[in-house]
Amino acid sequence: MAEQPSPGNEVAVLGGGCFWCVEAVFTDLRGVQSVLPGYSGGHVDNPSYEQVCGKDTGHIEVARIEFDPAQLSYSDLLRAFFATHDPTTPGRQGNDVGPQYESAIFWQNESQREQAEAVIAEVEAQQVYDAPIVTKLLPPARFWQAEDYHSNYFALHPEQGYCQFVIAPKVAKFRKQFHDRLKR
């Protein structure tokens with residue numbers, strides 16, 4: 001279970017496929033204070049990775065992102081989220097298939113819910129994707145931090161195949177697209 005954010009910070013809880021990818025992307029964004037991989041939305045207390053991958057706990061792999069809204073607005077955080085995963089495929093991101101890979105936003109308050117609805121409408125109006133956005137807007141749910149070996153996975157295992165072929169290209173695309181928003 002994650003702690004409350006530091007004073008002045010906010011929390012976003014986002015599911016965009018494998019939490020290793022989400023963590024790797026958002027770690028570099030200016031205004032982000034911390035990113036923790038974990039699980040939300042299920043009906044099993046303190047689920048393990050193996051349980052969640054078993055597809056019957058109801059959890060979604062998420063990242064809990066603590067950010068400073070004075071440096072990064074929630075709406076801008078969501079714009080980066082929609083630019084770095086496919087929000088049009090239910091229960092899947094690339095070759096990762098299953099309910100734990102849903103595109104989801106666990107809004108933390110009514111303001112976040114409203115901003116998420118507005119950003120989704122904005123992205124749909126821009127016709128960025130050829131299919132409708134299926135990102136789930138879900139109420140706050142308990143966040144269960146993933147096992148320690150999942151934290152900083154991309155940074156600690158760049159030689160691993162999934163990191164080289166899935167995460168590295170996603171991070172490179174993100175850094176190119178958001179170069180002016182990266183930590184220096």
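The values are calculated or read from the model by the stated rules, or taken from the named source; none is laboratory data. Quick caveat: nothing in here was measured; it's all calculated off a predicted structure. Cβ sites come from the backbone with ideal geometry, for glycine too, and all protein chains shown count toward neighbours.
Taken together, the residues in the stretch 100-135 that are closer than 19 Å to C18 by Cα and surrounded by fewer than 18 Cβ atoms within 10 Å (Cβ to Cβ) amount to 2.
Please work out which one of (1) of a type in the set (G, A, S); (2) buried (at least 18 other Cβ atoms within 10 Å of the Cβ); (3) on the phi < 0 side of the Ramachandran plot is the condition G17 fails and give its number. For G17, the exception is condition (3). Could you please let me know if R175 is surrounded by fewer than 17 Cβ atoms within 10 Å (Cβ to Cβ), modelled with pLDDT under 90, of a type in the set (K, R) and farther than 30 Å from V44 by Cα? In short, no. Evaluating R142 against the criteria (1) of a type outside the set (V, I, T); (2) surrounded by 14 or more Cβ atoms within 10 Å (Cβ to Cβ); (3) out of contact with any Ser or Thr (no Cβ under 7 Å at 6 or more places or on another chain) leaves one unmet condition, (3). For the stretch 72-103, the candidate set comprises residues that are under 28 Å from Q33 (Cα atoms) and among the polar types (S, T, N, Q); within that set, the residue that is farthest from the chain's Cα centre (by Cα) is S73.
Counting just the residues of the stretch 163-184 that are touching a strand residue (DSSP E or B) at 6+ places or on another chain (Cβ under 9 Å) and assigned to a helix (DSSP H, G or I), which one comes out nearest to A80 (Cα to Cα)?
The qualifying residue nearest to A80 (Cα to Cα) is F174.
Screening V32, V25 for residues that are over 16 Å from L138 (Cα atoms), aliphatic (A, V, I, L, M) and at pLDDT below 95 leaves exactly one candidate, V25. Can you find a residue that is under 17 Å from the mean Cα position of the chain (by Cα), surrounded by 18 or more Cβ atoms within 10 Å (Cβ to Cβ) and closer than 25 Å to Q115 by Cα anywhere in the stretch 44-58? No: the stretch 44-58 contains no residue that is under 17 Å from the mean Cα position of the chain (by Cα), surrounded by 18 or more Cβ atoms within 10 Å (Cβ to Cβ) and closer than 25 Å to Q115 by Cα. Listed by position, the strands (runs of 3 or more DSSP E) inside the stretch 22-141 whose residues that are within 27 Å of A168 (Cβ to Cβ) and not β-branched (V, I, T) number at least 1 are 32-40, 60-67, 103-106.
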